[in-house]
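The values are calculated or read from the model by the stated rules, or taken from the named source; none is laboratory data. It should be emphasised that the depicted structure is a prediction, and the values quoted were computed from it without experimental measurement. Cβ placement follows ideal geometry from the backbone for every residue including glycine, while neighbour counts extend to all protein chains displayed.
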Amino acid sequence: MTDIKIPNVGESVSEVTIAQWFKQPGDAVKKDEALVELETDKAAQELVSPEDGVLEEILVAEGDNATIGTVIAKLGKGNAAAASSKTEAPAEKAVAAETAAQTSGGSAMNIDVPNVGESVSEVTVASWMKKPGDAVKKDEAIVELETDKAAQELVAPETGVMGDILVAEGEVAAVGQTICTLLAGASGGAIAPSTGSAGDEGGGVGVVASVNEPTAIASKDPMPSASRIIKENNLDARSIAGTGKDGRITKGDALSAKANPAPAAKAPTAPSAPRELGPREERVRMSRLRQTIARRLKEAQNTAAMLTTYNEVDMTNIMDMRSQYKELFIKKHGVKLGFMSFFVKACVQALKDVPAVNAEIDGTDIIYKNYYDISIAVGTPKGLVVPVLRDCDERSLGGIEKGISELGAKARDGQLSMDDMMGGTFTISNGGVYGSLMSSPILNPPQVGILGMHKIEKRAVVIDDQIVIRPMMYLALSYDHRIVDGKEAVTFLVRVKECLEDPERLLLDL
């Protein structure tokens, strides 16, 4: 008898909700077949069987909660194959088995979605770079996978021929799910889509190189835990956007709707159909990354008491320093001396002086962070990403410039990992590179502060009662007024201004 336990599903997650059992006691189960769908506040994921057998007993019912490590079912020894008429293998495994049985010239292997980061349970298949029958070399990219925060390529583990594609572009796949097959060792052209059955004239046995058709849009039925929250709080399920599998409303969706209830509809209305396009219009589906950017930015506006304060900084001294030492800096550090390193150093100094801007809200508590991991907003063709530069208080200007250069290159090449994107304590966004003169940046939750940089423009200013021309930049600090007071926000921005206008302060830690 094998115990089926709740696995560790992510940092800070102590319990899950049993959303749906896919098997019932007495059902035969194959190894890696989905047994149950688990749900947390943030995501839903499937728990698969560790071995072949028969489901003997279910100990936690749908809709109930279970803590990490709890035994939720018992799996007994049994001949799953003998009961296959009662329980079929998942479609992915069936197609893979058919591929292996019908193919010669190579051994079939499944390509599964890897673990792409802590707390990430599913990915979206962004684009297939190979099609069935294509020759594939070892370490050659075959598919691009996309999560809420980054996109990355999945490479072939062996040289061979692309087999079946089991998850179409735009569809979601769970971590560990088989998304295609690879015929390791086979040569190109060994596979072709089947045009008929074995009995058809001229049609020998071939491999069916199929792509699963996108499933029809499912109803937005809430998961059990979500249903309970919706009922207890009299929420309108029709107004809640489901982020679970097939668009189902998760516990996290319901909690978000509870915290930010939508205005009650005056009368029930049918879902509006997509509007008809004109002859000079086209419809393009938003990427998973773009959907997440939109959702997170809107959540920041709805959740935080966001306020913005402004100041301006005279960039004369920093520009003179860059001109004086740019050649020596490149020779020593191998990178150019940019403005961003000065801003990172100035922000770290200001964060030390005003720790509330380096904190976050956790329920009714404030978590103060005694480290300085600065998120740097980077624009890419696929949208805004915010990789994190770690331990900026311990880095020199050269170390900061090198780190920013490396993160920028990874962002442009689509090579950012989940670890590169997580854990920042404060964000800097430079709209000036696009020509922005003034803007109000939006917070990057759960952070409570973000600094907006802007273009440097020569303006007339008064210094010592004299009108002079100086290179000036507007600065904007958006902050969460729930824990950052106006005095603290202004103090923070003044400290940044002082450090930039008098760079010696950074060297002397003043």
Out of the residues in segment 359-382 that are farther than 18 Å from I442 by Cα and among the charged types (D, E, K, R), which is farthest from the chain's Cα centre (by Cα)?
D365
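Among the listed residues L407, L437, L389, identify the single one that is within 23 Å of N317 (Cβ to Cβ) and not charged (D, E, K, R).
Checking each option against the conditions leaves just L437.
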If S436 passes every condition in (1) in contact with a Lys or Arg (Cβ under 7 Å, 6 or more places away or on another chain); (2) at pLDDT 95 or above but one, which one does it miss?
(2)
What pairs can you find where one residue is in segment 293-320 and at negative phi, the other is assigned to a strand (DSSP E or B) and among the basic types (K, R), and their Cβ atoms are less than 9 Å apart, with a gap of 6+ or different chains?
E312/R459; D314/R470; M315/R470; T316/R470
Given the conditions (1) assigned by TED's automatic domain parsing to the domain that holds C499; (2) outside any helix (DSSP H, G or I); (3) farther than 19 Å from E360 by Cβ, report the number of the one that L307 does not fulfil.
(3)
Pairs, first farther than 16 Å from F426 by Cα in segment 466-487, second of a type in the set (A, V, I, L, M) and surrounded by 22 or more Cβ atoms within 10 Å (Cβ to Cβ), C-beta under 6 Å, six or more apart
M473/V313
The strands (runs of 3 or more DSSP E) lying wholly within segment 372-421 that contain at least 1 residues that are within 22 Å of Q152 (Cα to Cα) and at pLDDT 90 or above are 374-376
Per the filter on segment 448-462, residues part of a strand (DSSP E or B) and either of a type in the set (V, I, T) or in contact (Cβ under 8 Å) with a residue 24 or more places away in the chain (or both) are G449, I450, L451, G452, M453, V461, V462
Checking D464 against (1) farther than 21 Å from S440 by Cα; (2) modelled with pLDDT of 95 or more, which test does it fail?
(2)
Subset of segment 403-421, residues in contact (Cβ under 8 Å) with a residue 40 or more places away in the chain and either outside the structural domain of K345 (by TED's automatic domain parsing) or surrounded by fewer than 17 Cβ atoms within 10 Å (Cβ to Cβ) (or both), comes to S405, Q415, S417, D419
Among what's in segment 1-15 and is surrounded by 19 or more Cβ atoms within 10 Å (Cβ to Cβ) and closer than 15 Å to I58 by Cβ, pick the residue that is modelled with the lowest pLDDT.
I6
Among the numbered criteria (1) touching a residue at least 60 places away in the same chain (Cβ under 8 Å); (2) assigned to a strand (DSSP E or B), which single criterion is violated by E56?
(1)
